[in-house]
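Have a look at the structure below before the remarks.
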Amino acid sequence: MSSLTTDKSGKTVGYNIQWCEDGHRYTIYLGGRWYSKKTAEACKECIDALLYYRRNGIITPDRKVEDWLKSADAHILAKLAKAGLYSLPETPATKTWQEILCLFIEARKDFKPSTLANYRFFQKVLYKTFSPTDCISELTSKDLKKWKESLATEHNPGGVANLLKVMNTVLNWAVEFEWLTKNPMDNVHRERVINREHHRLISMAEYAKLLAACPIQEWRTIVALARIGGVRCPSEIRFLRWGNIHWTENQFLVQSPKTERYAKHHNRAVPLFKELREELERHFDLLKPDDNDFIIQMYQGRKHWVLNGPFNTIAKSAGFEKIAHPFINMRRSRCNEVLDAFGEIKESIWMGHSLRVMKNHYLILTNEDYTKAASFERPMPSPEPLQ
């Protein structure tokens, strides 16, 4: 019989299925990021059955085990095959691009819609150069270097870096399943690109003008949550309920789909900053809602929240030119204010990102920073008297 234990050593909680046979200990690890406890328990039951069949010379498994093996994803079947409990069906020595991408997307059931759209875009770009029927075993580093050069003529450096990253991920996956002996991307240089072209701060004076131009209170609340609360919009704003606002504790709880895959980062507590509290109280007084009601209701029921267009209509009424990436720039503005006032540790915790992400994507040095540094003078110690 096998045993199922919880593995909490990494960033996410996983599951170890272990058993002993012929003096050897076997372990199959199922990462909690991709597999639930229910899946791990079902896998354990299947392993127990397969061990029983092998020890008793039973060749044909029962229907329940057979159906489970048919429904299991490729990663689990590969682990069972490596442990000698399952024979993978014979596959061609190589795969085409179409087969690889279909299998890869099917296996990664944890993809969010935005990530899946990213891979679909990669597929579309890839097929401009490579045919869906091309065998990946024929792919060389030279081919990829030429592809990289062609990408630079149609995409900005950040887009090229993202496409190369996706290519590397897919090819590493193909190596794992032995459809490639080596990843040809290993010999292709991939730059780390951080595009700061549209980074800008939205001052509190601009924030006040934006609030005044908002047509309804819900839009004032959206702007306040993004600019003062530093909440990601729309991914985090759409899940906020009135029950998440803890008035007496001066904080509110944010559910974060972006970081939920990391252990203990599915939500975070954010201070109920004074300016944000004012807008939330005004909003609450207008609605008198229940705790389970969503704070932002006008877009509930929609699969996609498209807010940049309506926001820039408000910005135009406030006298601004079109603001690129307005919600991330409002969040970026609050991140810098919190960093200056409370330090990087509290900024990282309250805004919900790592210090590395903060420094690479949120930190902006302004002219005032350089002016302040230029006028900084450390007190000099008094010279010691001559003996």
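What follows is calculated from the coordinates using simple rules that are stated; it is not laboratory data. Small disclaimer: the values here were computed from a predicted structure and weren't measured. Cβ sites come from the backbone with ideal geometry, for glycine too, and all protein chains shown count toward neighbours.
Structure notes:
- Any chance GLY243 is crowded, with 24+ Cβ neighbours inside 10 Å, farther than 19 Å from PRO310 by Cα, under 27 Å from the mean Cα position of the chain (by Cα) and not hydroxyl-bearing (Ser, Thr, Tyr): no
- Search result, residues across segment 153-177 that are without any contact (Cβ under 8 Å) to a residue 40 or more places away in the chain and among the hydrophobic types (A, V, I, L, M, F, W, C): VAL160, ALA161, LEU164, LEU171, VAL175
- Condition met for ARG238 (assigned to a loop (DSSP other than H, G, I, E, B) and within 24 Å of the chain's Cα centre (by Cα)): no
- Search result, residues across segment 338-362 that are closer than 23 Å to ARG192 by Cα and of a type in the set (Lys, Arg): ARG356, LYS359
- Checking each residue in segment 32-42 for being touching a Phe, Trp or Tyr at 6+ places or on another chain (Cβ under 8 Å) and either under 16 Å from LEU77 (Cβ atoms) or of a type in the set (D, E, K, R) (or both) picks out TYR35, LYS37, ALA40, ALA42.
- The numbered conditions (1) touching a helix residue (DSSP H, G or I) at 6+ places or on another chain (Cβ under 6 Å); (2) of a type in the set (Asp, Glu); (3) crowded, with 19+ Cβ neighbours inside 10 Å are all true for GLU236 except (1).
- Filter result (in a helix (DSSP H, G or I) and in contact (Cβ under 8 Å) with a residue 12 or more places away in the chain) within segment 121-130: PHE122, GLN123, VAL125, LEU126
- Subset of segment 183-233 that is part of a helix (DSSP H, G or I) and touching a His at 6+ places or on another chain (Cβ under 8 Å) - its residue that is surrounded by the most Cβ atoms within 10 Å (Cβ to Cβ): THR221
- Contacts under 6 angstrom Cβ, first residue in segment 286-304 being in contact (Cβ under 8 Å) with a residue 24 or more places away in the chain, partner of a type in the set (S, T, N, Q) and assigned to a helix (DSSP H, G or I), 6 or more apart: LEU286/GLN217
- Filter result for THR133 (without any contact (Cβ under 8 Å) to a residue 40 or more places away in the chain, exposed (fewer than 12 other Cβ atoms within 10 Å of the Cβ) and in contact with a strand residue (DSSP E or B) (Cβ under 9 Å, 6 or more places away or on another chain)): yes
- Qualifying residue in segment 248-270 (condition: within 15 Å of TRP219 (Cβ to Cβ) and in contact with a Leu (Cβ under 8 Å, 6 or more places away or on another chain)): no
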